[in-house]
Amino acid sequence: MTTDSEGAIDAENRSVRFVRHYALGREDLWQAFTDPQRLARWLGAVTGDMREHGRYGLDFGDDETTTGRITTCREPDQLTATWESPGEGTTQVDVHRSDTGTGTRVVLTHASLRPEDLPGHAAGWHTHLDHLDTDLNGHRASGWSERYNELLPRNTSHGPGVPATGQGSWAKDAPSLPPPTT
């Protein structure tokens, strides 16, 4: 289902950013990011109100949770939410979808992260988006911890991938991404 993917850590702006291209329409991908049953298949169990200004809870299992508020909900193009994880403060996740003529481009940005959390969030989102790819291909995703642990060393100063400080890129040998446009 995914035709192309890129990912980058931007230490200066304290964010991680992923771009993926899907051979699906924006409406189907909107459902994958907002429907609790679909989210449970690739991200985690969601409770609450997924409409604008609604509060949600997200349970990843293994005592890993986050909560937040939907700040922007413009179907089928943009979903923005606060991300409130214990011990990490409040950050922001923004998902934009746009039509490419042959499918949909999805840009996911997780911003306002603490510098020490960048590698873990990069590996985490990469793993979750890989699980979304698996789900969109009609298969059940598994092995989250294994994939996360495989990616984490690539996203730290101790491995061959993205340095924990500075800016870098990874994901299927993708080049560095340009800064996000607003």
query = Once the whole set of protein chains is in place, how much accessible area is left on Thr100, using a 1.4 Å probe, in Å² to the nearest 10?
reply = 70
note = With x for Gly and Pro, the residue-by-residue ³J(HN,Hα) of the range 10-21, computed from phi through the Karplus equation 6.51 cos²θ - 1.76 cosθ + 1.60 at θ = phi - 60° and given in whole Hz, is 10, 5, 4, 9, 6, 9, 10, 9, 10, 10, 9, 10
Pairwise centroid distance, computed over Cα atoms, of the range 85-150 with the range 55-69, Å = 15
note = With a 1.4 angstrom probe the carbon and sulfur portion of accessible area for the range 66-127, in percent, totals 47
task = Would you calculate the separation in nanometres between label points at His139 and Ala23, each defined as 7 Å from the Cα along the Cα-to-beta-carbon direction?
result = 1.5
note = Under the Karplus relation with 6.51, -1.76 and 1.60 and θ = phi - 60°, whole-Hz ³J(HN,Hα) for the range 95-102, x at Gly and Pro, equal 10, 10, 10, 9, 6, 10, x, 10
key: Accessible surface, 1.4 Å probe, highest first, among residues Phe60, Phe33   = Phe60, Phe33
message = Can you sort Asp63, Asp35 by solvent-accessible area, 1.4 Å probe, largest first?
response = Asp63, Asp35
ask   = Classify the range 1-150: rounded, prolate or oblate, from the alpha-carbon gyration tensor (a ≥ b ≥ c, eigenvalue square roots; a/c under 1.5 rounded; otherwise prolate if a/b is larger than b/c)?
value = rounded
remark   = In debye to the nearest 20, the charge dipole size for the range 1-93, taken about the Cα centre with +1 at each Lys and Arg Cβ and -1 at each Asp and Glu Cβ, equals 220
remark   = Percent of all alpha-carbon pairs of the range 1-85 at distances over 20 Å, whole number, is 42
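The values are calculated or read from the model by the stated rules, or taken from the named source; none is laboratory data. Remember, it's a predicted structure, so these values are computed and weren't measured experimentally. So basically every Cβ, Gly included, is an ideal-geometry build from the backbone, and we count neighbours across all protein chains shown. Accessible surface areas use protein heavy atoms only, side chains included; no ligands, DNA or RNA. Shrake-Rupley method; radii C 1.70, N 1.55, O 1.52, S 1.80 Å.
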